[in-house]
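Data first, discussion second: the structure below is written as structure tokens.
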Amino acid sequence: MITITTIAELDSAINETKKNNKSIGLVPTMGALHEGHLSLVNRARKENDVVVVSVFVNPIQFNNKEDLEKYPRTLEKDLAMLEAAGTDIAFTPSVEEMYPEPVTTVYHFGAIEQVMEGPRRPGHFSGVAVVVRRLFELTKPDRSYFGEKDFQQIAVIRELLRQMNSNIEMVPCPIVRANDGLALSSRNMRLSPEARNIAPAIYATLMQAVEMSQYEDVDDLKLWVLDTLASFHEVNSLPEGLRFEPEYFEIVDDTTLQPIDNWDEASGSVGCIAVWLDGVRLIDMVRFRG
Ligand code: AMP
């Protein structure tokens, strides 16, 4: 594995790869890597000659300064994990290298960004699009790998590729979970042991909702999920500090991302949730239909 920090070095490595007609798989990450990220790297390893993984905490996609400051950074460990997973190129640029000038580009994605994460994290998807587009242009991948944990992000990148007229193949990958069901996330590191203990209730509630979707209305089910999590600490006599504060739970069409009112409205539907616990914002999703 080679570790590259500058665009000039990356350019020459990519040119060399292209000259030899080798296919490239790109996995964009923000580091603090875990098995979820590695599942993307493993998939890229199987499907491409050369695997490029970027590790870059992208400041312009954070709408919350504290979240950016507290974002875990574990570069040395990340590089060891990437090497063990068979990565060819780790690209770890500085902010100055990626953005030598202030970013003024703003992307719009229409209805798919007007729900869920979009209104709650103003500028987030535009910031994601700027960095992902830059990474696409720099690494010229044949395929790029994204996790379904960030379900709305996948729809946004798909739309970005359409706007770019690009034929980069976007490969969505399933969520990797801890044994107790909690979706792996770099932010899980910030949970206290007590909060980490109860965090699996998020996925457990979503799984129960999938069962209930056989006989429950969409709207009633949405309320049930929000209420179950919001009252979890009370029902279980836990301290106020261990309160789940759900930000949203939406049941949406899996392609348009628009909320549905009844199950027959979409051939595929998923439930996406954002919850605060112990000062940490956690997201998760499950599939209902399709
Ligand atoms: P991040 O470093 O959080 O920006 O994530 C980089 C990529 O890894 C994104 O495409 C995420 O969706 C994906 N990812 C993060 N967590 C998981 C997980 N638990 N399972 C699968 N993919 C994940």
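The values are calculated or read from the model by the stated rules, or taken from the named source; none is laboratory data. For clarity, every value in this text was computed on a predicted model and none was experimentally measured. Neighbour counts run over all protein chains shown; Cβ positions are idealised from the backbone, glycine included.
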Taking segment 1-53 and keeping only residues that are of a type in the set (Val, Ile, Thr) and within 16 Å of the ligand (Cβ to nearest atom), one is left with 27, 29, 41, 51, 52, 53
Quick check on my filter: what residues within segment 66-94 are within 14 Å of residue 4 (Cα to Cα) and either free of Cβ contacts under 8 Å to residues at least 40 places away in the same chain or in a loop (DSSP other than H, G, I, E, B) (or both)? 76, 87, 88, 92, 93, 94
Residues located in segment 107-146, provided they are among the hydrophobic types (A, V, I, L, M, F, W, C), within 15 Å of the ligand (Cβ to nearest atom) and farther than 25 Å from residue 188 by Cα: 130, 135, 136
Pairing a residue in segment 126-146 that is on the phi > 0 side of the Ramachandran plot with any residue that is away from the ligand (no atom under 13 Å from the Cβ), where Cβ atoms lie under 7 Å and the two sit 6 or more apart in sequence or on different chains, gives 140/14; 140/18; 140/24
For residue 95, are the conditions met, namely being of a type in the set (A, V, I, L, M) and either surrounded by 21 or more Cβ atoms within 10 Å (Cβ to Cβ) or within 22 Å of residue 172 (Cα to Cα) (or both)? no
When residues of segment 9-63 are limited to those that are within 20 Å of residue 171 (Cβ to Cβ) and of a type in the set (S, T, N, Q), the one surrounded by the most Cβ atoms within 10 Å (Cβ to Cβ): 54
Restrict the check to segment 200-207 and report whether at least one residue is in a loop (DSSP other than H, G, I, E, B) and either of a type in the set (Val, Ile, Thr) or under 18 Å from residue 289 (Cβ atoms) (or both). no
Among residues of segment 177-207, those that are under 24 Å from residue 47 (Cα atoms) and surrounded by fewer than 17 Cβ atoms within 10 Å (Cβ to Cβ), counted: 1
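I'd like to check something: does segment 95-105 contain any residue that is within 22 Å of residue 156 (Cα to Cα), among the polar types (S, T, N, Q) and within 18 Å of the chain's Cα centre (by Cα)?
No, every residue in segment 95-105 fails to be within 22 Å of residue 156 (Cα to Cα), among the polar types (S, T, N, Q) and within 18 Å of the chain's Cα centre (by Cα).
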Could you check segment 95-118 and list, in sequence order, the residues that are in a loop (DSSP other than H, G, I, E, B) and out of contact with any helix residue (DSSP H, G or I) (no Cβ under 8 Å at 6 or more places or on another chain)? 100, 101, 102, 104, 114
Which of (1) touching a residue at least 40 places away in the same chain (Cβ under 8 Å); (2) away from the ligand (no atom under 12 Å from the Cβ); (3) part of a helix (DSSP H, G or I) does residue 149 not meet, given it meets every other one? (2)
Any residue at all in segment 163-178 that's assigned to a helix (DSSP H, G or I) and within 14 Å of the ligand (Cβ to nearest atom)? no
Within segment 66-77, can one find any residue that is at pLDDT below 95, away from the ligand (no atom under 16 Å from the Cβ), closer than 24 Å to residue 280 by Cα and out of contact with any strand residue (DSSP E or B) (no Cβ under 8 Å at 6 or more places or on another chain)? yes
